[in-house]
Amino acid sequence: MRDAAFKRAIDNWRALIYYISGPPLRAFEGDILETGEIKFDDKGLVPAIAQDVNTSEVLMMAFMNMEALDKTISTGKAHYFSRSRNKLWLKGETSGNFQDVKAIYYDCDADTILLMVEPKGPACHTGQRSCFYRKLAGAEEKPQGPRVIKELFNVIKGRKKSKPEKSYVATLFAKGLPKILEKVEEESGELIEAAKEKGKKEVVYELCDLWFHTLVLLADKGIEIEEVFSELGRRFGTSGITEKGSRPKKG
């Protein structure tokens with residue numbers, strides 16, 4: 001059994017990165033990995049870090065053995081090895097908080113694995129989105145990069161439950177879609193005006209206003225930000241002419 005699992009893992013580790021959209025796997029073209037380079041420790045384990053593919057947020061760190069790695073590759077869902085229970089475990093098998101694996105990397109020393117995942121719920125057993133929610137040192141950090149879009153969208157969705165007199169966003173939700181569309185149109189016009197007549201700083205400012213109100217629109221329509229990320233990902237690497245040509249004809 002151990003030899004069979006080892007052979008399957010060797011067969012699967014034939015690409016530098018695997019992109020996964022669900023079984024079966026599609027190997028990403030890259031350097032061939034010599035499986036002997038992966039440095040499992042004397043207990044047959046290697047650290048595995050899970051990172052959100054959409055926001056780049058680090059979610060958790062666990063361990064994998066060869067079988068966990070094999071299962072992760074063959075199913076497209078993160079599997080780990082529990083040292084306390086001494087057994088393989090599928091992340092989400094009891095909680096439903098699965099991690100769909102989109103890519104697998106390994107580091108320069110070949111002794112750590114990085115999983116780029118799309119989480120289906122909190123990573124931490126405490127209910128926190130990330131296991132790294134406690135700070136040891138350093139100033140309070142504001143979200144940066146793509147993560148700020150996700151965090152902002154979560155705040156906007158939370159405003160649906162707020163009282164209109166205490167929240168601008170709640171006021172927009174209370175007035176409904178016509179008011180939200182009015183604001184999107186207004187901010188679009190201000191962005192166009194800034195691009196024509198003003199400097200870079202004003203363009204960035206007006207773009208942020210427009211993005212903010214389009215996020216309010218998404219929340220009002222019940223559309224998750226991951227749906228937008230997925231659509232942008234689908235289009236990535238495709239010619240704009242080709243993408244437009246694939247759309248259904250209007251009328």
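For the stretch 45-54, the criterion of being out of contact with any strand residue (DSSP E or B) (no Cβ under 9 Å at 6 or more places or on another chain) and either on the phi < 0 side of the Ramachandran plot or modelled with pLDDT of 50 or more (or both) is satisfied by no residue at all.
Is the stretch 72-84 home to any residue that is in a loop (DSSP other than H, G, I, E, B) and open to solvent by 60 Å² or more (accessible area, probe 1.4 Å)? Within the stretch 72-84, one or more residues are in a loop (DSSP other than H, G, I, E, B) and open to solvent by 60 Å² or more (accessible area, probe 1.4 Å). Reported count of residues in the stretch 194-217, each being open to solvent by 100 Å² or more (accessible area, probe 1.4 Å) and part of a helix (DSSP H, G or I), is 6. Scanning the stretch 218-242 for residues that are among the aromatic types (Phe, Trp, Tyr) and exposed (fewer than 10 other Cβ atoms within 10 Å of the Cβ) yields a count of 1. Pairing each residue of the stretch 235-246 that is of a type outside the set (Gly, Ala, Ser) with any residue that is modelled with pLDDT of 80 or more and part of a helix (DSSP H, G or I), provided the two are 6+ apart or on different chains, yields C-beta distances under 9 Å for Glu243/Arg234; Glu243/Arg235. Pairing residues of the stretch 108-120 that are more than 24 Å from Glu226 (Cβ to Cβ) with residues that are surrounded by fewer than 16 Cβ atoms within 10 Å (Cβ to Cβ) and modelled with pLDDT under 95, at Cβ distances under 6 Å and at least 6 apart in sequence or on separate chains, gives Ala110/Glu37; Ala110/Lys39; Asp111/Lys39. The one condition from (1) in contact with a helix residue (DSSP H, G or I) (Cβ under 7 Å, 6 or more places away or on another chain); (2) modelled with pLDDT under 90; (3) open to solvent by 60 Å² or more (accessible area, probe 1.4 Å) that Glu67 does not meet is (2). Can you confirm whether Lys201 is among the basic types (Lys, Arg), more than 29 Å from Ser56 (Cα to Cα) and free of Cβ contacts under 8 Å to residues at least 60 places away in the same chain? Criteria not met by Lys201.
Return the residue satisfying two criteria in turn: it lies in the stretch 143-165 and is out of contact with any helix residue (DSSP H, G or I) (no Cβ under 8 Å at 6 or more places or on another chain) and among the polar types (S, T, N, Q), and of such residues it is least open to solvent (accessible area, probe 1.4 Å). Residue satisfying both the conditions and the ranking: Asn154.
Results for (1) β-branched (Val, Ile, Thr); (2) touching a helix residue (DSSP H, G or I) at 6+ places or on another chain (Cβ under 8 Å); (3) at pLDDT 85 or above; (4) more than 27 Å from Arg147 (Cβ to Cβ), shown as yes or no for each residue.
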position: Arg14; (1), (2), (3), (4): no, no, no, yes
position: Gly30; (1), (2), (3), (4): no, no, no, no
position: Ala62; (1), (2), (3), (4): no, no, yes, no
position: Lys71; (1), (2), (3), (4): no, no, yes, yes
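Every listed requirement among (1) at pLDDT 95 or above; (2) charged (D, E, K, R); (3) under 28 Å from Lys102 (Cα atoms) is met by Glu206 save one, (3). Within the stretch 92-142, if we keep just the residues that are more than 16 Å from the chain's Cα centre (by Cα) and outside any loop (DSSP other than H, G, I, E, B), the residue that is surrounded by the fewest Cβ atoms within 10 Å (Cβ to Cβ) turns out to be Tyr106.
The values are calculated or read from the model by the stated rules, or taken from the named source; none is laboratory data. These numbers come from a predicted model, not from an experiment. As a convention, Cβ positions derive from the backbone with ideal geometry for all residues, glycine included, and neighbour counts pool all protein chains shown. Side chains are part of the model used for accessible areas, which takes the heavy atoms of the whole protein and leaves out ligands, DNA and RNA. Shrake-Rupley method; radii C 1.70, N 1.55, O 1.52, S 1.80 Å.
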